[in-house]
1. Name the residue that is surrounded by the fewest Cβ atoms within 10 Å (Cβ to Cβ), counting only residues in region 113-144 that are within 20 Å of the chain's Cα centre (by Cα) and closer than 15 Å to Ala202 by Cα.
2. With the requirement that a residue be assigned to a helix (DSSP H, G or I) and either within 13 Å of Phe77 (Cβ to Cβ) or open to solvent by less than 40 Å² (accessible area, probe 1.4 Å) (or both), what does region 26-40 give you?
3. Under 9 Å by Cβ, and 6 or more places apart or on different chains, what pairs join a residue from region 53-82 that is on the phi > 0 side of the Ramachandran plot with one that is open to solvent by 70 Å² or more (accessible area, probe 1.4 Å) and not aliphatic (A, V, I, L, M)?
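The values are calculated or read from the model by the stated rules, or taken from the named source; none is laboratory data. Note that the structure is a prediction, hence the values are computed from the model and not measured. Backbone-built Cβ (ideal geometry, glycine too); neighbour counts: all protein chains shown. Heads up: the accessible areas ignore ligands, DNA and RNA and are worked out on the full protein's heavy atoms, side chains in. Shrake-Rupley method; radii C 1.70, N 1.55, O 1.52, S 1.80 Å.
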Amino acid sequence: MTLKSMKPLTRAPLLHVSVQESLRAYIDDNGLAPGTLLPAEGELATQLGVSRNSLREGIKALESLGVLETRRGVGIFVKAFSFEPLLDNLAYGLGGALRQIEEVLEIRRTLEVGLISKTIDVIGEGDIAELRATVNRMRAHAERGETFAEDDQLFHRLLFRCQDNETLVRLIDVFWLAFYKASDFVNLENTDPMATWRDHAAIVDAIEARDLEEARRRLDRHYEGIARVIANNKTSSNVGGTHEKTV
């Protein structure tokens, strides 16, 4: 197959961005499929009219976006599309941008309450047992006055794992992490871990009973509880804290 050559760059500003754009165009113009080996670095740099260092900066940026993959000693390959790089970076981007924690909370609430119906339809006994075990660990921590952020995150992931939608599960994680990070900006701390445990236990009870309306009501009530925690803890300060959130 005869490949079209890349045109030399004519823009000097933001050279690494121009390199990225040219590499993307090269892939698109030639219809290169995932797994295709690109020309060697030296040839690419010559076609673009840039130094190898500038080329490598552009390649590294495209690697972080999941467009390219460098295999040491082999070469640079076109990578299959994946949501992974986007989702990996989204939580951190949202956590820094959405300092109004209520915005992150509303996204979580809408996502979970809106999609719980399919969980009710398809969840199996094994997933319910894992949810119950997670809730039991929460109770043990709460009774000792401890927080349980890891189990809280796991709980919300387990609610939707049964839907076999990896992107959804990652989004649940993304918005949990974004909320967790945004919490630092308002010094959010849950002062009643027993109430948090009871909220989660009630959600599992409703799911086990296959009661959709009750599951939605309990999830809504859970988020109302988080909103109250925010109202009680929110300050005008943007200084982050180091405590754990279990919400």
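1. Only one residue fits best here, namely Val113.
2. Tyr26, Ile27
3. From residues that are on the phi > 0 side of the Ramachandran plot, the pairs are Gly66/Lys79; Gly66/Phe81; Gly66/Phe83; Gly66/Glu84.
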